[in-house]
Amino acid sequence: MKFPVDDDMLTAWSTLLGLTKEQSNDVLRDVEHALRRGYAFRPLAVRHLSFEQVTADMDVDELALMYLTFGLHRAGQDELADDVMARALAPATAPRRTL
């Protein structure tokens, strides 16, 4: 799968999370597997599109959120990863929890 960022960006994200190269590669595999699971349940309107076509316009912010969440899990920070995902999924009008 082609991700919407270059290797330098992936390395920077990995460094920020304290991941090894192997862990970073595992995170990318986790992201791709999650996207492929979602692709299996895509709406009828896009059933005719291939996985590559459906994911070709993936936004950098979407990838960053997925990488952060899976990377935090990989780094052993499950509670923080869940909190990040909860905040991302919360409606913009809902009051946000403070730490």
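The values are calculated or read from the model by the stated rules, or taken from the named source; none is laboratory data. None of these values were measured; they are calculated from a predicted model. Every residue, glycine among them, receives a Cβ derived from its backbone with ideal geometry; neighbour counts consider all protein chains shown. SASA here: full protein model, heavy atoms, side chains in, ligands and nucleic acids out. Shrake-Rupley method; radii C 1.70, N 1.55, O 1.52, S 1.80 Å.
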Practice item. Output the number of the condition that SER14 fails; it satisfies all remaining conditions of (1) free of Cβ contacts under 8 Å to residues at least 40 places away in the same chain; (2) within 15 Å of PHE70 (Cα to Cα); (3) not aromatic (Phe, Trp, Tyr). Key: (1)
**Study point:** Tally, over the stretch 2-17, of residues that are open to solvent by 70 Å² or more (accessible area, probe 1.4 Å) and in a loop (DSSP other than H, G, I, E, B)
**Key:** 2
